[in-house]
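Structure, as C-alpha cells:
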Amino acid sequence: MLDMNRIPASIAIIMDGNGRWAKKRFLPRVAGHNAGMLAMKEIIKTSSTLGVKYLTVYAFSTENWKRTEEEVSGIFKLLVRYVDSELEELNENNVKVRILGDYSVIPEAAKERIEKSLKTTENNTGLQFNIALNYGSRAEIVRAMNRINQDIRESKLDRDTEITEELLSRYLYTGDENDNIPDPDLIIRTSGEERLSNFLLWQSAYSEFAFTDVLWPDFTPEEYKRLIEEYQNRDRRFGGRK
C-alpha cells in the first residue's frame, strides 16, 4: 500500500524503450516517441497528484544526436506539438517547467517553445518539471568546472577558493538560478536496461534505483506507484549504519 506521507520529494526517470515499442508494432520510431509523450503526460499528472515536488525526465541526451536525422527531427517536432497542446494545462495545474542542458543548439521552433514554457510557468509553485534536454552529466560537470574557473578569473570568486562539493553543486544545472533542485531520491529506468547512461551522475550518489521491464510508452501510473511503493519499503542509510 502506497504511503502518501512518504512520497519521495524528487524523482528522476530515464524514459527508455520508445524505439523498441515502435519496432514491435512495425511502426516508425517517431511513433514510439509520440506514444512516450502521451505516457509522460500521465506521469506528470500522477506526480502532481501524489505530491512529488520535483520530477526530472531524460528527454534527449548529448549522445542522441548520433541517431538518424529523421528521428532527431521527429523528436523536436513532437516537443513543439507537446508544448502547443499541453502548456496551458501545465500552467493551470501550477507546474513549473525547467530545462537541464544546453538547449541553445536545438531547432529554432523547439527552442522558442521551450522559452515560452519557461516564461509562462516561471512563477508557478507546484510540481517542478525538469526536462533534461541536450543533457549529458559529464558535460554538465565539465561546464561547472569551467564556470568556476571563469568566475575566479573575473574575480567573482577568490583566487584561493577551495573547490568543495557544495560549490560544485551550485554550478551544476540543478544548482542554477538558485533553484537548488535536490538530488533525486528515486531514479526509475524503464525497458529492462539497468544503467545511468550519463544521467545525473553527480546527483545520483545516494539515489535509490528502480528498474522495470515495461517499455516507456506502456509505463502507467499504476506501475509508477508500484515502484514508489517498492522505494518506500527500502531502508536508506546514506553510507551510515543502523
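The values are calculated or read from the model by the stated rules, or taken from the named source; none is laboratory data. On a predicted model such as this, the values are computed, not experimentally measured, just so you know. When we count neighbours, we look across all protein chains shown, and the Cβ atoms used for this are built from the backbone with ideal geometry, even at glycine. When the accessible area is computed, the model is the full protein with side chains, heavy atoms only, and any ligands, DNA or RNA have been set aside. Shrake-Rupley method; radii C 1.70, N 1.55, O 1.52, S 1.80 Å.
May I ask you to verify whether Ile114 is in contact with a Phe, Trp or Tyr (Cβ under 9 Å, 6 or more places away or on another chain), in a helix (DSSP H, G or I) and open to solvent by 30 Å² or more (accessible area, probe 1.4 Å)?
Values: in contact with a Phe, Trp or Tyr (Cβ under 9 Å, 6 or more places away or on another chain): yes; in a helix (DSSP H, G or I): yes; open to solvent by 30 Å² or more (accessible area, probe 1.4 Å): no.
No.
Within segment 175-183, does at least one residue satisfy the condition of being at pLDDT 95 or above, part of a loop (DSSP other than H, G, I, E, B) and crowded, with 16+ Cβ neighbours inside 10 Å?
Yes.
Residues in segment 93-111: is at least one more than 18 Å from the chain's Cα centre (by Cα), open to solvent by less than 80 Å² (accessible area, probe 1.4 Å), of a type in the set (A, V, I, L, M, F, W, C) and at negative phi?
So far as segment 93-111 goes, yes, one or more of its residues are more than 18 Å from the chain's Cα centre (by Cα), open to solvent by less than 80 Å² (accessible area, probe 1.4 Å), of a type in the set (A, V, I, L, M, F, W, C) and at negative phi.
Inside segment 10-47, can you point out the residues that are open to solvent by 50 Å² or more (accessible area, probe 1.4 Å) and either farther than 14 Å from Thr220 by Cα or among the small types (Gly, Ala, Ser) (or both)?
Selection gives Arg20, Lys23, Lys24, Arg25, Phe26, Leu27, Pro28, Arg29, Val30.
Among the residues of segment 48-63, write down those that are open to solvent by 10 Å² or more (accessible area, probe 1.4 Å), closer than 16 Å to Leu79 by Cβ and aliphatic (A, V, I, L, M).
Within segment 48-63, just Ala59 meets the criteria.
So which helices (runs of 4 or more DSSP H) are wholly in segment 1-95 and hold at least 3 residues that are under 23 Å from Gln203 (Cβ atoms)? Write out each step before concluding.
On the way: elements: 18-24, 29-50, 69-92.
Answer list for segment 1-95: 29-50.
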